[in-house]
Structures are given as structure tokens and as C-alpha cells.
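We did not get these values from a lab; they are worked out from the coordinates using the rules stated. This structure is a prediction, so every number in the text was calculated from the model and none was measured. Quick reminder, even Gly has a Cβ in these numbers, built from the backbone with ideal geometry, and neighbours come from all protein chains shown.
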Amino acid sequence: MERKINDYLIRWKKSSKRMPLLINGARQVGKTYSALTFGKTYYQNTVYFNMEDSKEITAIFERDLNPERIVRELSAKIGQSIFKEETLIIFDEIQSCERALTALKYFCEEAPEYHIIAAGSLLGVALNREKFSFPVGKVDMITLYPLDFEEFLWATDNYKIRNLICESFEAFTPLSIHETAMDLYKMYLVVGGMPRAVTEYIETKDFDFVMVAQKTLNDSYIADMAKYATPHETTKIMAAWASVPAQLAKENHKFQYKVIKSGARAYDYEIPLDWLKAAGIINKCVRIHEGKMPLSAYADNTSFKLYMADTGLLCSKFDIQANIILDSPVSFHGFKGALTENYVMQALVTNGFVPYYWSSPGKAELDFVFQDRQGNVIPLEVKSADNVKAKSLKLYMSLYQPPYGIRVSAKNFGFENNIKSIPLYGVFCLTH
């Protein structure tokens, strides 16, 4: 399964300033697979250690953090030679071994010739809970997300359609196979980007199997909550997690604590929400009250929306059958907007943006605002269908005069009245 992270890994390997690499991300987004595939393709040999499964491996780090001694003992443990520059060393679930995480600093300073990739699915959670000696400034870091729509097109052998979408985006001219691309977009909403669900779809074309895979993934997140939190914390985390679809189902998607539990207060659920975000299974979009640079200076952290990290998992949590989305009947329009917003938020985060939403003292509210690579503040409005009346976008543009605005909808590519029309399937073309 082709992933964009592979290009980053190649650059990392070649870099003269290379440090041990830490791949963060939610469980089962493909971190280990990506690292192993990269190692087997670009190195003489690859050695793999799961820090969660072996007490003997973690014990090697207890004596001291001398890199040469650690490498000798790891080599002896697995019966494989480890060569400088030639071997890729992979430490999986590194959050399970605090000393191994600290050791990355010493590998950076004293033995940079060893190529090391460490992966952690709950690293953010572990770091928040424990007093880890994090190797600040001594590791390269990257976050891996579920497959985005472009990677989904690669996985489903739709390279030519992907190329045509990119060409239309560059020229902002209509795509001739617009309806075909929209059908693939709807398919992505259902399947999502979790590698296991995508594999099930490719191999079986049976959405019952896809949903089983998605429910298993959702259940694994619940198991993690119990593993990395106290029973009291777990109860609150599970309640917050269970409320996310209901939060999105509201006409106004702004997060409300009372949806979790009657009488719930922010104080009670701030930590559970931080846990979900640190675990990589939700994305948080904070309100801004001014569309000015820098956006973070105008953020109101008490007002926010939560989105799930994957549309397929969201559909699974709602028990939405595939045909309901693929056929798009009118009865589905109520939640369709929320699902579409979730998709766009997911795409923006994956592409390196930090999205906010804007609302005025009146009723105007704009779905997303972000800074582009030139530092421009760009407004983006999302429409799930081809109804493109955009009052909030027009109001925002009249107030703040951005260089251009973006409308994402079911309509084809176009550019008029200083608004770039991007079809839902083309959002991946927005790169940071």
C-alpha cells in the first residue's frame, strides 16, 4: 500500500542532519507497516523490536544508555548483525519503554551512524501521564494519519483519475469525469483511510467486512483507554468518545459538554478530551473571533468542534450502511453535512494545516480558516451538495479581504468572484 510518508523516509535516510525518527499516530494507521516496508526496500537488513511484548528487550535499556552496548545486546538477542548505515533499527510501541525513548538522545549524540525509527501509537498519552525524559531536539518527528483520498486512489488503482484531478486543480478547469470522481469520494467516506478497512474493501468489495474491520478498530481504541488510564478516567474518556457522533449530528457542531452527560462541566472532561486528541483519534477545531494573522492569537479555546480522525470509523460508530451514503437519498442530508465537514477537516490536518473555524457576533459562521504556506489567512466553506450559496463566506471576505476564498462542494472546479470552487474529491490538492 503506497503511502506519502515513504518520500519523507527517503529524504530522512539521505539527510546529513538525520536524527532518530519518531513516527507518531493513532493505532493501526500503518506506522509499523510503513517503517518495515521502507527498511526492506532501502536497507541491507532490518531489525524489529516490539517494546510492548518483550521484557528482555526493555531490560537491555535498564543498565545504562550506552548506544554501542545496547546495539551489541540487541544484536545478540535476535541473532542478527546490526551495521552502521546499513541496518534499519525499528523500535515499535516505544511508549512502553521510557528508557528506550530516552536512549534516542544518546544515539543522536554519540552514535548517529545507526539508523533508527521508533513508532508509538499512544506516545502522546504516555508522555502526558509519565515523567518521560523526552529527547527534545534530538529526534526527527512525523505524524502518520489514515490514508487520505489521494492515497485511497493509489490503493484502489485509480492513478489516472488522481492525475486528472491534479491537472484540473492546477488549471482550475472542470474535470470531465466529475461524476466518476464523486462516486470514488463517496466510496472513501464509507471505507475511510484505516489500512485494514481499505484492504478489506480491495480484497472483498463487501462492506459488511469493511464495517467489521472498522468496529474492531473502534473497540481497540476502547481497550487502549482502559490500558492507559485509571478506571475513573476511563469512564470519562469513553463517555466523551461516545459523544463525538452526537456532537456532530447537531445542527451546530460546536462541542457541548451537556451532550456527554447532563450537568457535565468543562473541568470534568478537559483531560479526557486531551487524552483522545493525544491518542490521535479525534481532531480539534478551535473558534477564532478575528480572521487575522496569526490565527492562534485570536483563538477562543473554550469554543471548539471535535471531528473523528477517520470518516469510515465515524460511519461505523453511527451504524450508517454503505448504500445510504453511496446513493445519497434526501433523508441522509441532515448528517451528510457533518460527515463532509469531518472529511475536509481530516484532509486539512493530514496536509499539515491547523484549521480553525470563525463565527461573528451575529449568526454567521465559517467552517474553516487556515494559513497557507505564504502566510495568507484563507477562508473555506464546505457544502455537502451542489447548493453553493455562501453567505458566511461572502461576509468574511468583505470583512477581512483575503487574497481568495475557497468553497468545497459537489460542484466541479471553477474560479469566479475571487472564490476557488474545489470539488470534494479535490481537497487533497491543497498542500501546505
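Can you sort S360, S316, S15, S392 from fewest to most other Cβ atoms within 10 Å of each residue's own Cβ? Walk me through the numbers on the way to the answer.
Values: S360 13, S316 25, S15 10, S392 19.
Fewest-to-most Cβ neighbours within 10 Å comes out as S15, S360, S392, S316.
How big is the charge dipole of segment 169-240 about its Cα centre, in debye rounded to the nearest 20, if each Lys and Arg gets +1 on its Cβ and each Asp and Glu gets -1 on its Cβ? The partial results should precede the final answer.
Values: 6 positive and 10 negative charges, 56 e Å.
Roughly 260 debye, rounded to the nearest 20.
Would you mind calculating the gained length between E113 and E170 on full extension (0.36 nm times residue separation, minus the Cα-Cα distance), in nm to one decimal? Please list the in-between numbers first.
On the way: separation 57, 0.36 × 57 = 20.52 nm, distance 4.11 nm.
Working it through step by step, the gained length comes to 16.4 nm.
Of the trypsin sites (Lys or Arg not before Pro) found in segment 1-90, the ones in coil according to DSSP and having at most 10 other Cβ atoms within 10 Å of their Cβ are K17.
Each residue, S262 and E56, gets one label point 7 Å from its Cα in the Cβ direction; the gap between the two is 5.7 nm. Computing semi-axes √(5λ) of the Cα gyration tensor in Å for the structure here picks out one of [x] 39, 32, 19; [y] 31, 28, 25; [z] 38, 25, 22, namely [z].
With both bridge residues required to lie in the chain, what share of the DSSP beta bridges run antiparallel, to the nearest 5%?
Values: 17 of 46 bridges.
Percent antiparallel among DSSP bridges in the chain is about 35.
Comparing I82, L65, I5 along the charge dipole axis of segment 5-143, the residue lying farthest to the positive side is I5, per the Cβ-charge model. Taking amide H as placed 1.01 Å from N in the peptide plane, L22 has its amide H under 5 Å from the amide H of A118, D140, M141, I142, each at least 5 places away in sequence or on another chain. For segment 168-207, the residues whose backbone nitrogen is under 18 Å from a point 7 Å from the Cα of K160, taken along Cα to Cβ, are 168, 175-185.
In a fully extended conformation the segment linking K250 and K277 would gain 7.6 nm over its present Cα-Cα distance, using 0.36 nm per residue. For segment 355-432, the set of trypsin sites (Lys or Arg not before Pro) satisfying both a DSSP loop assignment and a count of at most 11 other C-beta atoms within 10 Å is given as K363, R373, K389.
Applying both filters, DSSP loop and at most 14 other Cβ atoms within 10 Å, to the trypsin sites (Lys or Arg not before Pro) of segment 219-314 gives K250, K261, R265, K292. You can think of it this way: the chain between S398 and E290 has 37.6 nm of extra reach, that is 0.36 nm per residue less the Cα-Cα gap.
In this structure the amide hydrogen of N283, modeled in the peptide plane, comes within under 5 Å of the amide hydrogens of Y307, M308, A309, none closer than 5 places in sequence on its chain.
Considering only I82, I260, I324, the mean-square fluctuation computed in a Gaussian network model of the chain, springs between alpha carbons under 10 angstrom, is largest for I324. Each of E416, E93, E365 was scored by other Cβ atoms within 10 Å of its Cβ. Listed from fewest to most, they are E416, E365, E93. Exposure proxy ranking for L74, L144, based on other Cβ atoms within 10 angstrom of each Cβ and starting from the fewest, stands as L74, L144. Measuring between alpha carbons in the structure, the pairs from K277/K383; K254/K292; K77/K227; K227/K258; K160/K284; K77/K277 lying more than 32 angstrom apart are K160/K284; K77/K277.
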